[in-house]
Amino acid sequence: MSENDCPDQPPAHVGFLLIPDFAMLPYVSVIEPLRAANRLSGRTLYRWSHISIDGQPAAASNGVRIQTEFRIGADAHFDYVFVCAGGNPALFADSATLAWLRQIARRGAKIGGVSGGPYILARANLLKGYRFTIHWEHAPAFLEEYPELDLRRSLYEIDRDRLTSGGGTAPLDMMHAIIAREHGTDLAMAVSEWFLQTHVREGTGPQRMPLRARLGIAHAPLLRAISRMEQTVETPVSRDELARVAKVSLRHLERLFRQHLGRSLGEHYLALRLDRARDLVRQSSLSVLEIALACGFTSASHFSRTYRARFGQAPRTERLSETTAKRR
């Protein structure tokens, strides 16, 4: 029991705002540690409720529907509210939901977001002046829209009354830190062991696997070049610069790309830029020209032709198809 833990203290009320198409795993990774903390402590430390935009059951991205007790605007006290989102949070713009989030923040609730949830917190203007994170899939579109905010590429961030996580299983680590802070490290460790979490990660840990593991490549010069490519999608550097970073000749670097990746240096760089562009087409409302410029193309027409050659359809066509599919 922590020094702040009082047996007569009422349970903290945790609200889960479920945005349609929310990701199930990060939601479960927040709520299950609360259940375990109650069970292992032998006390009701936390209670929880679910909120949806219209008060109806909320559907996750896997089709599972969660019954809700409240709709946004409800006059209820929450100590915490976690916004759970997935899909394409860049397109979320429900003004009533954003206003309600600002209202409960003013009332003193701690506000959290998991997976795509931080995107909605930014929409509600609740992240200015805070350190936070978001799932890496949403980061490129987010940075294009909110370049002034302090986005970190970390597993989770706890900055005063803002609690954000990149999603997946990272909320397990975040909840370990929250439970430890409120009820002591012994209970937090017991909760982690309950879920077979043999290693609790620090919030500053990376969201993605190292390049070496992700690509199955152990060649250091090649990894240095690819790392610089991934960092310079918006403003591609020259082949000579990549060779300098790799610390080998350009001819040798080209051979390494062919040997280990089966394509040229230029082909790999272009693939990275087009993959980033596809994320922005699917995850943002940026125009085709804005996406082209954000991925190092000098014109929308050249970008569209190259995109169609890679993915079989123009960016506008793909965006229309995605939007139509989400409305069905």
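What the table below lists for this structure:
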{"quantity": "Odd one out for R316, checked against (1) buried (at least 19 other Cβ atoms within 10 Å of the Cβ); (2) closer than 21 Å to G87 by Cβ", "calculated": "(1)"}
{"quantity": "Of all residues in the range 136-161 being in contact with a strand residue (DSSP E or B) (Cβ under 6 Å, 6 or more places away or on another chain) and charged (D, E, K, R), the one that is farthest from S29 (Cα to Cα)", "calculated": "D150"}
{"quantity": "Any pair with Cβ under 6 angstrom, 6 or more apart, that starts in the range 299-320 at a residue that is touching a residue at least 24 places away in the same chain (Cβ under 8 Å) and ends at one that is surrounded by 14 or more Cβ atoms within 10 Å (Cβ to Cβ) and outside any helix (DSSP H, G or I)", "calculated": "F303/F297"}
{"quantity": "Residue in the range 82-89 that is more than 21 Å from Q207 (Cβ to Cβ) and touching a residue at least 24 places away in the same chain (Cβ under 8 Å) present", "calculated": "no"}
{"quantity": "Output for the range 66-84, where each listed residue is touching a His at 6+ places or on another chain (Cβ under 8 Å) and buried (at least 19 other Cβ atoms within 10 Å of the Cβ)", "calculated": "T68, F78, Y80"}
{"quantity": "Positions within the range 93-105 being surrounded by fewer than 20 Cβ atoms within 10 Å (Cβ to Cβ) and within 25 Å of M174 (Cα to Cα), in sequence order", "calculated": "L98, R102, Q103, A105"}
{"quantity": "From the options H199, H260, H268, residue that is without any contact (Cβ under 8 Å) to a residue 12 or more places away in the chain and out of contact with any Lys or Arg (no Cβ under 9 Å at 6 or more places or on another chain)", "calculated": "H199"}
{"quantity": "Yes/no for D279 being without any contact (Cβ under 8 Å) to a residue 40 or more places away in the chain and under 25 Å from the mean Cα position of the chain (by Cα)", "calculated": "no"}
{"quantity": "Only listed residue being on the phi > 0 side of the Ramachandran plot, assigned by TED's automatic domain parsing to the domain that holds L34, surrounded by 14 or more Cβ atoms within 10 Å (Cβ to Cβ) and part of a loop (DSSP other than H, G, I, E, B), chosen from G108, G87, G63", "calculated": "G87"}
{"quantity": "Residue among G108, G63, G73, G87 that alone is touching a strand residue (DSSP E or B) at 6+ places or on another chain (Cβ under 9 Å) and not polar (S, T, N, Q)", "calculated": "G87"}
{"quantity": "Residue match in the range 252-263 (condition: closer than 21 Å to F142 by Cα and buried (at least 17 other Cβ atoms within 10 Å of the Cβ))", "calculated": "no"}
{"quantity": "So G168, is it touching a Phe, Trp or Tyr at 6+ places or on another chain (Cβ under 7 Å) and buried (at least 17 other Cβ atoms within 10 Å of the Cβ)", "calculated": "no"}
{"quantity": "Residues of the range 175-206 classified as over 25 Å from the mean Cα position of the chain (by Cα) and not in a helix (DSSP H, G or I), total", "calculated": "1"}
{"quantity": "Yes/no for S238 being touching a helix residue (DSSP H, G or I) at 6+ places or on another chain (Cβ under 8 Å), polar (S, T, N, Q) and surrounded by fewer than 15 Cβ atoms within 10 Å (Cβ to Cβ)", "calculated": "no"}
{"quantity": "Filter result for S284 (surrounded by 14 or more Cβ atoms within 10 Å (Cβ to Cβ) and closer than 28 Å to E145 by Cβ)", "calculated": "yes"}
{"quantity": "Qualifying residue in the range 287-298 (condition: more than 28 Å from G116 (Cβ to Cβ) and modelled with pLDDT under 90)", "calculated": "yes"}
{"quantity": "Residue in the range 267-274 that is buried (at least 19 other Cβ atoms within 10 Å of the Cβ), more than 29 Å from A59 (Cβ to Cβ) and of a type in the set (S, T, Y) present", "calculated": "yes"}
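The values are calculated or read from the model by the stated rules, or taken from the named source; none is laboratory data. Worth saying up front: this structure is predicted, and the values here are computed from it rather than measured. For neighbour counting, all protein chains shown are included, and Cβ atoms are generated from backbone atoms with ideal geometry for every residue, glycine included.
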